[in-house]
1. For the range B:1-36, how many residues are in contact with a helix residue (DSSP H, G or I) (Cβ under 7 Å, 6 or more places away or on another chain) and not in a helix (DSSP H, G or I)?
2. Of everything in the range A:430-454 that's surrounded by fewer than 21 Cβ atoms within 10 Å (Cβ to Cβ) and outside any loop (DSSP other than H, G, I, E, B), which residue is nearest to the other protein chains (Cβ to nearest Cβ)?
3. From B:335, B:315, B:344, grab the single residue that is of a type outside the set (Phe, Trp, Tyr) and either outside the structural domain of residue B:399 (by TED's automatic domain parsing) or free of Cβ contacts under 8 Å to residues at least 40 places away in the same chain (or both).
4. Is it the case, given these coordinates, that residue A:408 is in contact with a strand residue (DSSP E or B) (Cβ under 8 Å, 6 or more places away or on another chain), more than 12 Å from every other protein chain (Cβ to nearest Cβ) and modelled with pLDDT under 90?
5. Under 8 Å by Cβ, and 6 or more places apart or on different chains, what pairs join a residue from the range B:217-244 that is farther than 18 Å from residue A:501 by Cβ and assigned by TED's automatic domain parsing to the domain that holds residue B:263 with one that is buried (at least 16 other Cβ atoms within 10 Å of the Cβ) and aromatic (Phe, Trp, Tyr)?
6. Take residue B:192 and decide whether it is farther than 19 Å from residue B:69 by Cβ and out of contact with any Gly (no Cβ under 8 Å at 6 or more places or on another chain).
7. Kindly provide the set of residues from the range B:77-112 that are in contact with a His (Cβ under 9 Å, 6 or more places away or on another chain) and in contact (Cβ under 8 Å) with a residue 12 or more places away in the chain, ordered by number.
8. Count, please, the residues in the range A:91-114 that happen to be touching a residue at least 60 places away in the same chain (Cβ under 8 Å) and in contact with a Leu (Cβ under 8 Å, 6 or more places away or on another chain).
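The values are calculated or read from the model by the stated rules, or taken from the named source; none is laboratory data. None of these values were measured; they are calculated from a predicted model. All Cβ positions, glycine included, derive from the backbone under ideal geometry; neighbour counts span all protein chains shown.
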Amino acid sequence: MTQKELYNQRLLREAEAAVARRGTRRHFLQDCAMGFGALALGSLLPSCHSSSMGTGGNPIVFDPAHPLAPRLPMFPARAKRVIYLHMAGAPSQLELFDYKPALEKLDGQNCPASLLEGKRFAFIRGVPKMLGPQARFAQHGQSGAWISENMPHLATIADELCFLKAVTTDQFNHAPAQLLVQTGSPRLGRPSMGSWVTYGLGTENQNLPGFVVLTSGGKFPDAGKSVWGSGFLPSVYQGVQCRSEGDPVLFIKDPAGMSRDLRKASIDAINAVNAEEYKDYGDPEILSRISQYEMAFKMQLSVPETMNINDEPAYIHELYGTQPGKACFANNILLARKLVEKGVRFVQLFDWGWDSHGTEASLAIDVGFINKCRQVDRSITALILDLKQRGLLEDTLVIWGGEFGRTPMMENREGKPNPFKGRDHHTDAFTIFMAGAGVKKGFSYGETDEIGYSAISGKTTAFDVQATILQQLGFDHEKFTYVFEGRPFRLTDVFGKVIEDILV
Amino acid sequence: MRWIAHFHPVIVHLPIGMLLAALLLQVLSGRPAYAALRPAVPVVLLAGAVSAIASCVTGWLLAADGDYEESLVAWHRWLGISLTLLSLVVYWRVRRRGFDRMHTLLSLGLLALVVVTGHLGGSLTHGSDYLAVGGSASPASAEVDSPIVNVQAAKAYAEIVRPILRDNCFSCHGATRQKGGLRMDETAALMKGGKDGVVIEPGNGSGSELIKRLLLPEEEEHHMPPKQKKQLTERQIALLHWWIDQGADFTRRVAELKQPDSVRPALLAVQSVHPRTMVSDVPSDAVEAPDRRAVEALRAKGVLVMPVAQNSNWLDADLSGAAAAGSKVQEVVVLLSALKKQLLSLRVDHTDVGDSGLAAIGQCVALRSLDLAGTRITDAGLAALRGLRELRVLNLVGTGVSVAGVEGLKRLTKLRAIYLYGTKVGHEDWTALKKAFPKTMLDTGGYSLPVLATDTAVVRAPAPGGPGKK
């Protein structure tokens with residue numbers, strides 16, 4: 001017997017002794033006395049729970065053995081699936097949808113002191129110059145939506161879109177602002193919207209994840225993977241990040257020499273051991289683990305098949321403007337359509353590169369920004385048209401937006417003019433748009449003042465947008481809660497109002 | 001002296017309570033066990049009568065303020081006085097003659113008067129419908145608002161302003177009561193104003209007393225509606241403000257009035273009065289619970305059958321997983337007819353269902369949404385769907401149907417959308433189809449986007465100081 005084995009044996013004996021010590025007569029009596037009290041308390045607590053702070057009559061029952069089984073919304077849903085297109089870095093509303101001719105006239109003048117008083121900016125210091133719109137605008141469609149020349153394709157489907165032009169936030173740095181939009185809190189630790197949705201509704205296709213994340217633009221969003229994390233919800237609800245080149249999910253292929261049968265046999269063996277473990281301890285997380293192994297095995301076949309966009313006809317590739325074999329937004333967005341078609345509940349796309357400060361050419365409002373627009377314009381338009389022709393836009397909600405807006409002033413980093421034209425982060429007004437699933441078509445809600453600095457009507461927040469998304473999915477955002485650390489949490493914290501005006 | 005009038009609502013509870021107590025004591029004292037209570041009856045009666053006199057005095061003064069509907073006040077006044085006199089008579093008789101039959105009759109009369117007068121008093125203070133179950137329905141709830149489809153065509157006063165006033169003001173400033181002398185349910189009275197003068201100055205919203213009062217901080221004494229009442233929303237105030245600004249006109253339509261940008265959202269919001277009911281196609285009425293065994297049978301075949309929401313018996317079914325579960329979809333659809341009352345939405349897309357399967361689906365008459373995309377069905381099968389009168393959305397993408405088959409469904413007038421991408425329906429069929437389905441959105445798909453030079457061209461930074469720079 002080696003020293004290590006001896007050592008292990010001793011550890012085991014000590015553990016057994018520790019367990020035995022818990023079983024003394026004194027412990028038994030103590031447990032009886034205290035235990036009855038605890039039992040009584042336990043039966044009292046749920047009653048406070050469900051009536052005063054619970055989920056309002058119909059708590060979501062988390063079944064660890066089938067964590068992703070489809071579940072019922074609180075009321076009939078209008079949207080069954082969501083595609084969220086997050087332009088990480090925050091695109092300029094002033095060069096896309098919020099047309100401000102008055103700002104043109106102020107171009108190059110000093111920013112009036114009244115706009116700067118009591119405000120903090122991420123980079124602007126001192127008195128910046130105003131910067132007129134750096135794009136030509138025209139009205140499009142029957143709705144007369146103003147869309148700039150930077151999105152020529154999108155302009156052709158203006159009548160399918162619903163703009164929110166006075167969205168506001170209180171975070172002027174990317175990471176907290178992205179967290180706020182996606183998780184309802186600027187700090188880490190909350191579940192993302194997609195996690196909440198898959199927790200509440202499960203997913204219809206048990207061979208695919210319920211919440212898929214696709215990134216493009218060469219970088220992750222600034223807030224990192226937390227923007228698709230599950231926070232305090234069971235980890236099975238976190239977003240599954242997939243790639244549009246190479247293996248869609250890392251390590252999804254069986255290693256060389258491992259046959260499908262052998263893989264099946266080893267997963268069966270692991271699950272058998274886990275089942276034994278569950279018999280001993282009864283911990284529901286073990287059931288969760290077993291189901292995840294089974295799902296992973298199924299996904300080894302179904303995911304590569306779904307994730308392969310090459311089987312789409314050439315006409316569709318042309319429509320989306322894909323670039324086969326590359327990791328790009330257009331490929332991701334075509335993939336998103338395939339995924340929702342197969343029953344994936346929530347698809348989250350992040351595209352990095354919209355942070356147009358003007359510190360370098362790729363971040364200039366009249367150079368890099370235009371290139372970013374060209375990278376997404378065609379594919380976003382294609383997505384909406386493609387969903388429409390398949391009848392999927394009836395119950396698929398598409399949302400496009402960044403985490404904040406950009407200033408009507410030209411950025412002057414540290415008080416000195418930037419080498420290129422750019423705009424700083426702006427919290428007081430920005431534009432997002434939605435399409436499909438019971439949202440009004442060809443509609444615009446909210447207005448900004450004549451230079452696009454602040455919201456003057458129809459002001460909304462990230463919480464309002466979240467509340468509206470949940471409403472379309474059949475949830476009352478105030479009642480959709482999860483109890484953690486002794487209190488119920490919701491996606492919208494204590495805020496948010498459904499933007500009824502934009503709903504059909 | 002006027003201020004004591006305000007004690008009327010407090011004091012009235014004394015005679016009501018005491019006279020009822022006297023009557024109760026009287027009934028009890030008829031039993032031997034309580035006979036000792038008998039001497040207490042006249043004492044309590046007298047106390048009741050005295051407090052009734054106090055109520056009459058304060059009530060008379062309060063009525064003089066004239067905020068109440070006159071006929072109701074008159075009834076309340078004279079019944080109250082009769083009640084007081086009767087209580088004195090009863091007291092006097094019981095002292096003189098003791099408890100005889102006449103006394104019992106008079107006591108019953110007293111009881112009736114207490115009940116009726118008390119009720120009238122309640123109607124005066126709380127509105128005549130204060131007993132209505134489910135809170136206070138507004139006195140003018142007989143008015144029914146028809147939903148505003150197009151706000152521009154709506155009458156500014158009758159359809160927008162009046163409902164706001166009715167729901168928030170009429171209970172105190174209406175036909176029953178006119179607090180502060182203000183009556184708002186009649187246009188002439190509304191423009192005349194109240195005791196303190198006019199409340200609406202046409203053309204001057206911010207100068208009008210009505211708007212000023214609405215905008216006062218809620219804890220201010222003059223704020224309207226009073227603190228404990230339901231408050232107007234910002235949008236409702238904006239609409240009233242706008243209406244007064246535009247001349248407080250009682251006949252014109254919204255389109256005939258100027259609409260500054262600030263009021264547009266509020267006006268648009270009026271237009272979508274019932275967003276929640278439109279959120280889905282699910283009927284608002286309930287349906288009987290589905291046959292459990294039928295649901296289980298379908299689930300066993302790999303069909304996803306789910307209620308549309310918690311606490312709902314309406315069902316959605318999705319057959320797309322059935323093939324993977326080894327079931328023949330053609331055989332599974334037959335099982336659906338057991339759920340025909342409950343089934344609202346059905347997905348059989350990309351399955352091997354064919355024309356013969358449509359016969360079974362055609363029996364599910366409650367269906368709102370039917371997805372047949374990517375199936376083998378043809379025009380012949382579509383005929384079986386002609387009875388689906390409730391159908392709103394029909395997805396035929398990628399099937400073999402043609403214009404002839406689709407036209408056969410033209411009597412399904414509730415159809416909101418038909419998806420026809422990838423079928424034999426082409427652009428040349430558009431006119432015929434549009435004629436058959438004038439109100440339906442038809443989508444034949446096949447969209448393409450033009451290839452623009454800018455799709456692939458890359459903008460480069462101008463050379464520093466070069467001519468490209470602005």
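1. Residues flagged as in contact with a helix residue (DSSP H, G or I) (Cβ under 7 Å, 6 or more places away or on another chain) and not in a helix (DSSP H, G or I) within the range B:1-36 amount to 1.
2. A:447
3. None of the others qualify; the one that does is B:315.
4. No: the conditions fail for residue A:408.
5. B:243/B:157
6. no
7. Once the filter is applied, which keeps residues that are in contact with a His (Cβ under 9 Å, 6 or more places away or on another chain) and in contact (Cβ under 8 Å) with a residue 12 or more places away in the chain, the range B:77-112 yields B:90, B:93, B:94.
8. 3
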